[in-house]
Amino acid sequence: MREFDYARADSPRQAVSTHGSNEQAAYLAGGTTLLDLVKIDIMRPEQVVDINRLDLNEIETLDDGRTRIGALVTNTALARHERIQSDYTVLSEALLSGATTQLRNKATTAGNVMQRVRCPYFRDGVSSCNKREPGSGCAAIEGHNRSVHAVLGTSEHCIATHPSDMCVAMAAIGATVTVEGPEGQREIDFLDFHLLPGDAPEREHNLKPGELITHVTLDAPLNNGRSGYLKLRDRASYQFALASSAVIVTLDGDTIVDARVALGGVGTKPWRAHEAEKALKGQQVSESSFQRAAEIAMQGATPYAHNAFKIPLGQQAIVRNLTTLTA
Amino acid sequence: MSDSIIGAGPKRIDGQRKVTGEAPYAADHHPDNMAYGYGVFSTIASGTITGLDLEAARQSPGVIDIFHHNHFPELHRTPSSMAQGNKVEETRLPFEDNRVHYEGQFVALVVADTFDNARAAARKVGVSYQRDDAIANLDQGVKAHGTKPGSGNHERGDAEGNFDGAAHSIDVTYTTPVETHNPMEMHASVASWEGDRLSIFESSQGVVQQRGALSKIFGIPPSHIRVESPFIGSGFGSKLWMWPHAVAASVAARETGRPVQLVVPRPQMFTTTGHRPETRQRMRLATDDNGRLVSLRHESINTTSFTDQYVETCGSVTQSLYSCPNLTVSHETTRVNRGTPTSMRAPGAAPGLFALESAIDEMALAAGVDPLEFRLNNYADRDESQDLDFSSNHIREATEKAAEKFGWHDRNPEVGSMRDGHEIVGYGMAACNWEAIKRECEARVSLRADGTAYVTCATQDIGTGTYTIIAQTVSDITGLGLEKITVRLGDTSYPNGPISGGSWTTATTLPAVAAATREAIKELKGYATSEKGDFADVDNDSDSLVFENGQLTHDGQGVNYVDVLKGQKLASADGHAHTQGADDRYSYRSFGAHFVEVRWDPGISNLRVSRVVSAIDVGRVINSLTARNQVEGAIVMGLGMAHFEATDYDARNGRPVNNNYAEYVVPVHADQPPEVDVILLDYPDLEFNEFGARGIGEIGITGMAAAVANAVYHATGKRIRDLPIFKEKLMENIPAVQSA
Ligand SMILES: Cc1cc2nc3c(=O)[nH]c(=O)nc-3n(C[C@H](O)[C@H](O)[C@H](O)COP(=O)(O)OP(=O)(O)OC[C@H]3O[C@@H](n4cnc5c(N)ncnc54)[C@H](O)[C@@H]3O)c2cc1C
Ligand code: SF4
């Protein structure tokens, strides 16, 4: 088989030093992305650093009301956690809408943040793909681009969606990613963590070589916020979103006091719709205000041959989610 | 007959072995010294291999040999005749030459000591190609080189002449995409040679045909080949005929002198083991003032490969389901750069009835008649294509019963008129239909001195319950409990049995097993009435000597058959039977109707199937559990065909793009309609065979896609003529895309 070195880390420090700044090293968490891609020969790490023994399994409420999630907390554990279910419903729902029970049992919080795209041309190992082979071109733009390709944040170099559901909820909630690296610890705002493809789609996130995610800390929940995740797809389960929305709203009577809207399945990164939020604030609960916000959220979207329907579908994901939450 | 085991619902006798993991599937076999093969597959769809760089692969750990078109023994092709028992779908042998006809074709095979080493080395093989323009889909094929006539055509009356002047008419075209079988268990072969004798474990729906094909290909007698497939993780038709990997594995084993295991990886399950081809079907129907069909034309084109012509007989049902004096059915094919297609559950009928039963719906609306009434007015009472009576046809009762149970009469025919919260409800229906076939078959039954029975037949149980119904048959005749009956299938060393396909296994094997059982009883009677026997003074074929509940009785005196055998120190009484295929006195077919409720939520563009009622007339039901399971499974598969399934090919180069289980969308549990109600009419068709059973594996999928599409029309007013019914086909306000 393709050989690689394997090391099991006992502390974040040790993990980071084993990994070093080696571009060909990879941390192994649940393995549901990494091993999948190694098996089909798309990721070819020379050094695998198994981080599963690290003590990063806690979900803690901090004094300032924020919630700190260890990198290794599984998607299942996070979704089923009482405080997540009550105070961050949108996150629990997003997690439970993802993948399958078996995958969620293995998948970790950091691994989910770091999951790779599902673009078939990325995965086939032969088509031109700027992500896999920078400069080779993008087979998807004029190829088959219905399900796992974006309409927002695309560039002429890459149009793959960021596939995560969890991250869409985190983008709406607001969060900070804590990382530990060769140069010590630092924090990255969640919204800055993932990168747009631009002219360098091979760069997907803001980690420096060797940096290890140790925690994701959620902002304190909005007071009296109601939240929910709505995922639209072909079949009812076990499929990535064609369009999804994470919405948090607070109401004063029929007036929207605050709103957070993020989108999945349509963007090249977990997509926070700030302008749509602004359009909602201060508005009365009504279909027309929801529709207007939804249109704003999808403004500037670029449809491709097979995925133009994601523009109205993305809008529907927002409108229905808001309608249900404010009913 | 009410307490008979025939028609009861005993659980699968092989169920426990399967759920405990004890049942061996093809790739579970690891003969001593076994090596592993891993394929190198073409990454272009059309062209020529101009060079192979094998250096790195050869240096790779554990590599034993690498086969390719310049390093492969000369073999022979099989004539591919089902009658001769040597049919394959793709007649070109692997590594025959340097041509590439489709992406995912074998271009090399690495054999190494472990699976991982073989795979790693396979990835180091460098292949250079001279690339030709690929024909990527049906439209491109027709444009590039037109069509070729296919088989299964039919003509009666003058369909063209009676179309133009008719009171009502429609002229519409339907398309269906490639669907890929995707059984859970991937194709696998484990081949070993001893001298010039080949033994192969295969995930196969037809061990006898595979033996025949291997015999032709290797030029050795069938008696030197043993093909075993005791358990298979389903096939849906993709495992009816042998595919190139089995030849490659057999060669690799012979040349390396070691047993070789070769499993087809999931992506190549989409390329080199068959698929349901793409179809385009033009339907022209016309009725008179009373809504009676006066003209019907069903013209179908399907894609086939560059190496073989596979005809998807979409019009097979159209010939006889409805009464119509003027009718034309034609099939043509066009070549594309894809592997050779093959039968997939209800070949011909599944895509064909999507077109026919959608068109009937359209025709009914055009004629201003309720679709249910239209069908009842037009169903054929005899098979007009063959000028024969049906052996048994209860389609009217099936349709009416299902309609009643479904509540069709509460349907408001106005489009979009039925609402429930956010959802618009649509009702649709379609007829379903499948031919009944019975083939020649042999079987052997031993009644053994230990009180058990032992049955062998070289057919297969592909997960449908064949083991169980064969045991039920022996139990029915001998009175032995199921736990006393051992059934062995899926091995060419047993008497010749049929392929497990065409829904003909039940009708074919049960008569043979029953006859063999009776032969065994006869042999037993011979022992009992011999000089040394308990009934030495009784005539051996005397009517008064009866076998019941394990006992031979005469004049109130009973002897357990075990004692008959033991008394004479005999191991068993054996029977062998060879039964014949169906006659042509009647048209033998199965019938039924599906009623489907869909819910379309326009606010989130979500379509779901919420209710299905199906009534099926398949003759006698042999096992009520496994029969219902077949229909329910077929309904779910039909629902997948209706709104999820399609293998997508890149139109620029013919590359399959969604070649994995995550992106090739089939229904999951959450998509199961909350209500699926299957009514089995259970009228024995005794003209067909003594059990009155016609077979049930396929009929359930036929018509399902049309029933869904018709319900979608009722809900949305959108007539979707191109499967699958993706949400975007029902959505409004989709922005136009500047094509590049
Ligand atoms: C068939 C299938 C369907 C799926 N469907 C969905 C879906 O519907 N919705 C959805 O959201 N997701 C879906 N997923 C993706 C799944 O959620 C991710 O694979 C999973 O979350 C990854 O987590 P992991 O722990 O297994 O990561 P791993 O595979 O272990 O790692 C993933 C990547 O992250 C890196 N990494 C891991 N931990 C760290 C760390 N602490 N610091 C820095 N880097 C790290 C690894 O090196 C690797 O590059 C699906 C996956 C599959 C295979
Ligand atoms: S969309 Fe991105 S991942 Fe897909 S082929 Fe283009 S560059 Fe590669």
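The values are calculated or read from the model by the stated rules, or taken from the named source; none is laboratory data. The structure presented is a predicted model; accordingly, all values stated were derived computationally and were not measured. Quick reminder, even Gly has a Cβ in these numbers, built from the backbone with ideal geometry, and neighbours come from all protein chains shown. Surface accessibility is based on the protein's heavy atoms, side chains included, excluding ligands, DNA and RNA. Shrake-Rupley method; radii C 1.70, N 1.55, O 1.52, S 1.80 Å.
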Take B:Asp650 and decide whether it is within 14 Å of chain A (Cβ to nearest Cβ) and either among the aromatic types (Phe, Trp, Tyr) or in contact with a Phe, Trp or Tyr (Cβ under 9 Å, 6 or more places away or on another chain) (or both). yes
B:Gly165 - would you say it is assigned to a loop (DSSP other than H, G, I, E, B) and without any contact (Cβ under 8 Å) to a residue 40 or more places away in the chain? yes
All positions within region A:143-161 that are in contact with a Ser or Thr (Cβ under 9 Å, 6 or more places away or on another chain) and either more than 10 Å from ligand 2 (Cβ to nearest atom) or in a strand (DSSP E or B) (or both): A:Ser147, A:His149, A:Val151, A:Leu152, A:Gly153, A:Ser155, A:Cys158, A:Ala160
Residues of region A:309-325 satisfying the condition of being part of a loop (DSSP other than H, G, I, E, B) and more than 9 Å from chain B (Cβ to nearest Cβ): none
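Every residue, every condition in (1) in a helix (DSSP H, G or I); (2) open to solvent by less than 40 Å² (accessible area, probe 1.4 Å); (3) away from every other protein chain (no Cβ under 11 Å), yes or no:
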position	(1), (2), (3)
A:Lys231	no, yes, no
A:Asp234	no, yes, no
A:Val247	no, yes, yes
A:Leu251	no, no, yes
A:Ile256	no, yes, yes
A:Gly282	no, no, yes
A:Ala293	yes, yes, yes
A:Thr302	no, no, no
A:His306	no, no, no
Could you tell me which numbered condition B:Ser250 fails, if it satisfies all but one of (1) without any contact (Cβ under 8 Å) to a residue 24 or more places away in the chain; (2) open to solvent by less than 10 Å² (accessible area, probe 1.4 Å)? (1)
How many residues are more than 17 Å from B:Val88 (Cα to Cα) and assigned to a loop (DSSP other than H, G, I, E, B) if we restrict to region B:270-317? 11
State whether the residues of region B:473-495 include one that is part of a loop (DSSP other than H, G, I, E, B) and crowded, with 24+ Cβ neighbours inside 10 Å. yes
Looking at this structure, is B:Val609 within 14 Å of chain A (Cβ to nearest Cβ) and at pLDDT 95 or above? yes
Residues located in region B:653-702, provided they are outside any loop (DSSP other than H, G, I, E, B) and within 14 Å of chain A (Cβ to nearest Cβ): B:Pro656, B:His669, B:Ala670, B:Asp671
Only one of these is buried (at least 24 other Cβ atoms within 10 Å of the Cβ) and more than 18 Å from B:Glu675 (Cβ to Cβ): B:Ile616, B:Ile622, B:Ile604. Name it. B:Ile622
Selection over region A:26-49 where residues are part of a strand (DSSP E or B) and more than 22 Å from the chain's Cα centre (by Cα) yields a count of 3
Mind checking which residues of region A:54-69 are part of a loop (DSSP other than H, G, I, E, B), farther than 15 Å from A:Thr109 by Cα and open to solvent by 30 Å² or more (accessible area, probe 1.4 Å)? A:Leu62, A:Asp63, A:Asp64, A:Arg66
Could you identify the single residue in B:Glu698, B:Glu663, B:Glu675, B:Glu690 that is surrounded by fewer than 24 Cβ atoms within 10 Å (Cβ to Cβ), touching a helix residue (DSSP H, G or I) at 6+ places or on another chain (Cβ under 8 Å) and touching a residue at least 60 places away in the same chain (Cβ under 8 Å)? B:Glu690
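For (1) in contact with a Gly (Cβ under 8 Å, 6 or more places away or on another chain); (2) surrounded by fewer than 19 Cβ atoms within 10 Å (Cβ to Cβ); (3) farther than 30 Å from B:Ala122 by Cα, each residue gets a yes or a no:
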{"position": "A:Thr18", "(1), (2), (3)": "no, no, yes"}
{"position": "A:Leu34", "(1), (2), (3)": "yes, no, no"}
{"position": "A:Arg44", "(1), (2), (3)": "no, yes, no"}
{"position": "A:Ile51", "(1), (2), (3)": "no, no, yes"}
{"position": "A:Ala77", "(1), (2), (3)": "no, no, yes"}
Can you pull out every residue in region A:133-142 that is near ligand 2 (Cβ under 6 Å from one of its atoms) and in a loop (DSSP other than H, G, I, E, B)? A:Ala139, A:Ala140
Determine, yes or no, whether B:Ala430 is part of a helix (DSSP H, G or I) and either over 30 Å from B:Asp491 (Cα atoms) or in contact with a Ser or Thr (Cβ under 6 Å, 6 or more places away or on another chain) (or both). no
Say whether the condition of being of a type in the set (Asp, Glu) and more than 28 Å from the chain's Cα centre (by Cα) is met by at least one residue in region B:439-449. no
If I filter region B:94-139 down to residues being of a type in the set (Asp, Glu) and in contact with a Ser or Thr (Cβ under 8 Å, 6 or more places away or on another chain), which single residue comes out as most open to solvent (accessible area, probe 1.4 Å)? B:Asp133
